Amino acid sequence: MSDQKRYKDFVSGLVIVAGTVSAYFLFRDLVGPYIAKLVDPDREKHEQARIKAEANLQRIKRLRKEVPGEAADGSDNNGSRIDKLVLNEYENQVALEVVAPEDIPVGFADVGGLEDIIEELKEAIIYPLTLPHLYSHGGPLLSAPSGVLLYGPPGCGKTMLAKAVAHESGASFINLHISTLTEKWYGDSNKLVRAVFSLAHKLQPAIIFIDEIDAVLGTRRSGEHEASGMVKAEFMTLWDGLTSTSASGSPSRIVVLGATNRINDIDEAILRRMPKKFPVPLPGADQRRRILQLVLGTTKRDASFDLDYISKVTAGMSGSDIKEACRDAAMVPVREYIRECRASGAAMDRVSADDVRGIRTEDFFGRKGGGQILMDNHARTTRASAARAQQSKASTDLYPEIDDEEHASLSPD
């Protein structure tokens, strides 16, 4: 009788254990995720952001070069610090915007002209960030500025300069987008702003880059949405904290780098936090020549191609305009060759690029759409040359120089 009772107790125990285990797995796999989704609707998104952020930071660690000098927390280099990072859900979202310097294919050698600005950027940003021991005798006075602003007309190389600074400095580059700071939940945008600066402190030396900064940190107005005003206030409050020193007494190595073509639309308090302001104007004659050399590169050119003349008639054009003009000119020989092959009935899969002629000076003119400044400069130059040729048959200056300061007068009447 007792054996039968023990057997029943044993079976009952097994049933209870099996039921408990089954209930656990049922709750974990079915009920738990449902409840977690009700409590935190963005749980899955945050988990995916954490996984991607960890993968991105580990990749940066593998690519990053060792930065000279001791880090702010006493570690030997930034790569070892990445292994020790513990990020919250907001820092994980911002970490997706971190770009490794080696992934940026633009250096100062790829920037046409602007030597004075490049040298100033090196002395004011790159050296204090990467070689702090050289400036230790000056204390906070010789540390990197809290903010740097690049402003000027569109297409003149502001974003390219920012990329070159990130590449040459080797610092962590946080390419901050407006969409990164935009959240549907009230107050989350402020927490993301705080995460930007806390992550920058963990990854320093770091550069926080904001392109079109006037759209993010524009002038505050009375009719502005409350959430937008709170984001700006949070940003400015945390930005002032960049001047604080670390536990070891060394200044924080973080710089906010902004670019805009509407400097008057930026809030005055933001401008005060960006003591270094560099104007990036339309390129001059020497800079246009350098841009043409970089853009054309190894492109096949005809023996009669006149680089000096093209650099003169592009007065008043931005670097982006010059690049597009070169692109259109390079298409002219290809277009001619394709038409010749079609007319002769040659198979297009057997044509050779070596048979395409080089770019000529006249390929820059006569195109439809865009390049109006170039066309007007060329037309006025041609008329001036013809007039001088009639006045003096001995004149050989077919390509007179165009004054950069008078390029506005060369625009259409």
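The values are calculated or read from the model by the stated rules, or taken from the named source; none is laboratory data. Treat the numbers as computed from the prediction; the structure is a model and nothing was measured. Positions of Cβ are backbone-derived with ideal geometry, glycine not excepted, and every protein chain shown enters the neighbour counts.
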Selection from region 210-234 of residues within 12 Å of ALA259 (Cβ to Cβ) and surrounded by fewer than 23 Cβ atoms within 10 Å (Cβ to Cβ) yields ASP211, GLU212, ASP214, ALA215, VAL216
Of ALA233, ALA166, the only residue that is touching a residue at least 24 places away in the same chain (Cβ under 8 Å) and either more than 30 Å from ILE291 (Cβ to Cβ) or in a helix (DSSP H, G or I) (or both) is ALA166
Exposed (fewer than 14 other Cβ atoms within 10 Å of the Cβ) and aliphatic (A, V, I, L, M) - does that describe any residue in region 141-148? yes
Using the structure shown, decide if ILE322 is within 30 Å of ILE207 (Cβ to Cβ) and not assigned by TED's automatic domain parsing to the domain that holds LEU121.
yes
Cβ pairs under 7 Å, 6+ apart or interchain, first in region 274-295 and over 24 Å from ARG262 (Cβ atoms), second among the basic types (Lys, Arg) and assigned to a helix (DSSP H, G or I), ordered by first then second residue, are ALA285/LYS312; VAL295/LYS323
If you go through MET317, MET348, the only one that is of a type in the set (A, V, I, L, M) and surrounded by fewer than 18 Cβ atoms within 10 Å (Cβ to Cβ) is MET348
In region 260-296, anything among the basic types (Lys, Arg) and in a helix (DSSP H, G or I) is listed as ARG272, ARG288, ARG289, ARG290
### Query
For ALA124, are the conditions met, namely being of a type outside the set (Phe, Trp, Tyr) and closer than 27 Å to LYS232 by Cα?
yes
In the set ARG339, ARG360, the lone residue that is surrounded by fewer than 18 Cβ atoms within 10 Å (Cβ to Cβ) and in contact (Cβ under 8 Å) with a residue 12 or more places away in the chain is ARG360
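For (1) more than 25 Å from THR382 (Cβ to Cβ); (2) assigned by TED's automatic domain parsing to the domain that holds ILE125; (3) within 20 Å of the chain's Cα centre (by Cα), each residue gets a yes or a no:
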{"position": "ASP267", "(1), (2), (3)": "yes, yes, no"}
{"position": "ARG272", "(1), (2), (3)": "yes, yes, no"}
{"position": "GLN293", "(1), (2), (3)": "no, no, no"}
{"position": "GLY297", "(1), (2), (3)": "yes, no, no"}
{"position": "ASP302", "(1), (2), (3)": "no, no, no"}
{"position": "PHE305", "(1), (2), (3)": "no, no, no"}
{"position": "ASP308", "(1), (2), (3)": "no, no, no"}
{"position": "SER311", "(1), (2), (3)": "no, no, no"}
{"position": "THR314", "(1), (2), (3)": "no, no, no"}
Being in a helix (DSSP H, G or I) and out of contact with any Leu (no Cβ under 9 Å at 6 or more places or on another chain) narrows ARG380, ARG342, ARG357 down to just ARG342
If we keep only residues of region 384-413 that are closer than 15 Å to TYR309 by Cα and assigned to a helix (DSSP H, G or I), then the residue modelled with the lowest pLDDT is HIS407
Of the residues in region 84-139, those that are hydrophobic (A, V, I, L, M, F, W, C), over 12 Å from GLU168 (Cα atoms), part of a helix (DSSP H, G or I) and in contact with a helix residue (DSSP H, G or I) (Cβ under 8 Å, 6 or more places away or on another chain) come to VAL94, ALA95, ILE117, LEU134
By residue number, the members of region 256-302 that are among the hydroxyl-bearing types (Ser, Thr, Tyr) and in contact with a helix residue (DSSP H, G or I) (Cβ under 8 Å, 6 or more places away or on another chain) are THR260, THR299
Residues in region 104-128 that are over 18 Å from CYS156 (Cα atoms) and either small (Gly, Ala, Ser) or at pLDDT below 80 (or both) total 1
Just one listed residue, out of GLY258, GLY284, is within 20 Å of the chain's Cα centre (by Cα) and among the small types (Gly, Ala, Ser), and it is GLY258
Counting only residues that are touching a Phe, Trp or Tyr at 6+ places or on another chain (Cβ under 7 Å) and either polar (S, T, N, Q) or closer than 23 Å to GLU91 by Cβ (or both), region 154-173 contains a total of 3
Worksheet item: So is SER318 touching a Cys at 6+ places or on another chain (Cβ under 9 Å) and of a type in the set (Ser, Thr, Tyr) or not?
Response: yes
